[in-house]
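Derivation of every value follows stated rules applied to the coordinates shown; laboratory data play no part. The structure presented is a predicted model; accordingly, all values stated were derived computationally and were not measured. Note that each Cβ is placed from the backbone with ideal geometry, even for glycine, and that neighbours are counted across all protein chains shown.
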Amino acid sequence: MTPASAPGLGEADRRQVDDVVDAVRRVLGDDLVAVYLYGSATSSGLRPESDLDLLAVVRSPLGHRVRPLLDAVLVRSGRRHGLRPVELTVVVADRVRPWRYPPPRELQYGEWLRAGLETYDPAAGGPAPWGGPDDPDLACLVTQVLLDGVALVGPPAELVLDPVPLADLRHAVADGVPGLLADLADDTRNVLLTLARILATLRTDRIWSKDAAAAQVADDVPAHLRPLLELAAAAYRGEADDDWAPLLDDAQRLAGHLASLVGTARAGGR
């Protein structure tokens, strides 16, 4: 299959996906098992602010290939290059199949990591800016790939990845809440919508698009905070501009309320 198989993927998006995949293949060579396009590009359709989400599966740890791979993606991602942001996650095949929780991640690139990656000096020590090896969120990612992913390189996802048990998916979405709350000031819209998606997933055992999740949980949000959730969803769809600086106090209240509902849903309540 090709990027053209994905609904809502325009010509510029197809060219960008092709370019990123070609670069990944050049760096990883025969060690590359598969590359999958997933997320909104293959499910609900790309929004103006959507990333291009890619999962690469490799046979062996990246080792010295980490820096060349990151360098290849850095110049093919982000608004500064007139392109969509790319989120590239890399996993080692025999570390995610058989499935275990939390699963180990080899590498993840996203635009939120750009500044740290551009200045990272491994000789100076300290943790790598792409995070630690165990990544609960991979349970959500693998589930999305198996549901809607398009194989751009290699076999279909069900031949490479194991299905994620529902209990692990529920753990994964809830385990992400503390990290989201810590990022609220810097990434307000995404944090609010992701909290809504976590809540909707725990209540329905399915993964929603961010704006659909906001609509799904809106009735449980206090009336005076509901316009903030609606603003986040509208901005995600490209229908509104959002400046969160003057709204941050209420955004914190909304995030706290959603996190509390997540805790209740995780414990088995509504």
Exercise for the section: Give the long-range amide H neighbours of residue 153: residues separated by 5 or more places, or on another chain, with amide H under 5 Å away, using H modelled in the peptide plane at 1.01 Å from N. Expected result: 35
Handout entry: Ordering of 86-95, 201-210, 21-30 by packing [mean C-beta count within 10 Å, highest first]
Key = 86-95, 201-210, 21-30
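Note the direction-averaged projected area, equal to a quarter of the hull surface, for the Cα convex hull of segment 19-88, in nm².
Numbers: hull surface 19.0 nm².
Convex hull of Cα atoms, orientation-averaged projection: 4.8 nm².
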Problem - Student exercise, segment 124-270 dipole from Lys, Arg, Asp, Glu Cβ charges, in Debye to nearest 20 - result: 440
Handout entry: From phi via Karplus (6.51, -1.76, 1.60), per-residue ³J(HN,Hα) for segment 11-25 in Hz, x at Gly/Pro
Key = 4, 5, 5, 4, 5, 5, 4, 4, 5, 5, 5, 4, 5, 4, 5
Practice task
Name the long-range amide H neighbours of residue 58: under 5 Å, sequence gap of 5 or more, or other chain; modelled H, no Pro or chain starts.
Solution key: 33, 91, 92, 93
Exercise for the section: Counting helices only, and only those DSSP H runs with n ≥ 4, report the 222 nm mean residue ellipticity of the chain as the sum of -39,500 (n - 2.57) divided by its residues, in deg cm²/dmol to the nearest 500. Expected result: -13500 deg cm²/dmol
Completion exercise
So residue 101 and residue 30, fully extended at 0.36 nm per residue minus their Cα-Cα distance, gain in nm 22.8 nm
Practice task
Could you work out how far the C-alpha centroid of segment 136-167 sits from that of segment 58-95, in angstrom?
Solution key: 18
Practice task
Would you please give the residues with an amide H less than 5 Å from that of residue 135, counting only those at least 5 places away or on a separate chain, with H modeled from the backbone geometry?
Solution key: 105
Handout entry: Residue-by-residue Karplus 3J(HN,Hα) for segment 67-83, coefficients 6.51, -1.76, 1.60, Hz, glycine and proline x
Key = 5, x, 5, 4, 4, 5, 7, 3, 8, 10, 9, x, 5, 4, 9, x, 10
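Give the peptides 234-245, 255-266, 46-57, 212-223 in descending order of average Cβ contacts within 10 Å, highest first. Each step should come with its number before you reach the end.
Values: 234-245: 14.2, 255-266: 18.2, 46-57: 21.4, 212-223: 15.8.
Put in order of decreasing packing, that is 46-57, 255-266, 212-223, 234-245.
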Exercise for the section: Using θ = phi - 60° and the Karplus relation 6.51 cos²θ - 1.76 cosθ + 1.60, list the HN-Hα couplings for segment 94-102 in order, rounded to whole Hz, with x at every Gly or Pro. Expected result: 7, 9, 10, 9, x, 5, 9, 10, x
Fill in the blank from the handout: Cβ-Cβ cut-off under 10 Å around residue 105, Lys and Arg +1, Asp and Glu -1: the net charge is -3
Fill in the blank from the handout: Highest mean packing first, using Cβ neighbours within 10 angstrom, the peptides 59-71, 171-183 sort as 171-183, 59-71
